[in-house]
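Colleague: There's a structure below that I have some questions on.
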Amino acid sequence: MQRTTISFLRWIVPLSLFWGFAFPLTKIIAYSASPMIISAFRVGIAAIFFLALGKGLSVGKKQFVNGLLNFAFFLILINLGIGLSPNPGLVAVMIYTQPIFVLIIERLLGYKITPKGIIGVVLGVIGVISSATLSFDIGLVFGLLAGILWAVGTIYYSRNLAKENIAKLNAFMTLTSVPIVLAFTPIDYYFKFSLVTLSLILLLAIIAQILGFYFWFNGVRELGTVYASTGSLLVPVMAYVTSFAVLGVIPTLFQIIGSVITLFGVYLTITSRS
């Protein structure tokens, strides 16, 4: 239990800060650059960084598949959802149904988790979804598909690549994702060049793509798929906090109540691990 708590505090809590702050930061950048352009910059900058850090690549078919699941196709689905939905925030909420799909897939594969842990996962996802007023549109379908893809990618990494050097693995995955993401940049293309925009994109790439995924893969490695994925539910909660701090957007009553439910669900799951 103590080891789980330490790993949670070491990897998942900082992760929630990085990815939570990425939401309002992306909102600011989106006034000057389209979502697909932002994604292309994210993976491009991350590829350069991880190449320098890892001083090499972790190359192979499994690494390529993992990059498609966790980076290229995941980012494409998110941005298609944002482009097709009148409410991008709801698309982000749908992505964080991911822990439910991780739980379902892992149970089908024989993974054991206590009833307390299952209740925590379910409560956490309910809390995230209830924090927003849902109304159906096609963009939400892409958000849901991104959540499912992320779940598959998380399990694939855990079962096939958890022992790989994370810097070299990220270098290869981002590098191979760049041309795929670039192929989709003509969709809703716009880009207003300025040094401020470039600086903000660089900051986003560092906190969301470089630090974010470095902490994420380490969290999955130490905590396992179910517990790390449940911990990722802190990201939407932190997004409300950072959106208030950066943009002055006051959380609604539903968002506050949903966040409390989410925090309780995460607590139940993390403390259920013996």
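Colleague: If GLY56 satisfies every condition in (1) at negative phi; (2) at pLDDT 90 or above but one, which is the exception?
Modeller: In the conditions (1) at negative phi; (2) at pLDDT 90 or above, GLY56 misses (1) alone.
Colleague: Right, something else. Please find, among GLY117, GLY147, GLY139, the residue that is buried (at least 19 other Cβ atoms within 10 Å of the Cβ), in a helix (DSSP H, G or I) and over 19 Å from the mean Cα position of the chain (by Cα).
Modeller: GLY117
Colleague: Here's another thing I want to ask about it. Keeping to region 94-112, report how many residues are farther than 24 Å from LEU68 by Cβ and modelled with pLDDT under 90.
Modeller: Qualifying residue count, region 94-112: 1.
Colleague: Which members of region 168-227 meet the condition of being within 20 Å of the chain's Cα centre (by Cα), surrounded by fewer than 17 Cβ atoms within 10 Å (Cβ to Cβ) and over 26 Å from GLY147 (Cβ atoms)?
Modeller: Listed by number, the list holds a single entry, LEU202.
Colleague: Now for a different question. In this structure, is PHE64 open to solvent by 30 Å² or more (accessible area, probe 1.4 Å), touching a helix residue (DSSP H, G or I) at 6+ places or on another chain (Cβ under 9 Å), more than 12 Å from LEU169 (Cα to Cα) and in a helix (DSSP H, G or I)?
Modeller: Against the criterion (open to solvent by 30 Å² or more (accessible area, probe 1.4 Å), touching a helix residue (DSSP H, G or I) at 6+ places or on another chain (Cβ under 9 Å), more than 12 Å from LEU169 (Cα to Cα) and in a helix (DSSP H, G or I)), PHE64 does not qualify.
The values are calculated or read from the model by the stated rules, or taken from the named source; none is laboratory data. Predicted model only: the values in this text are computed from it and were never measured. Glycine also receives a Cβ, built like all others from the backbone with ideal geometry; neighbour counts cover every protein chain displayed. Accessible surface areas use protein heavy atoms only, side chains included; no ligands, DNA or RNA. Shrake-Rupley method; radii C 1.70, N 1.55, O 1.52, S 1.80 Å.
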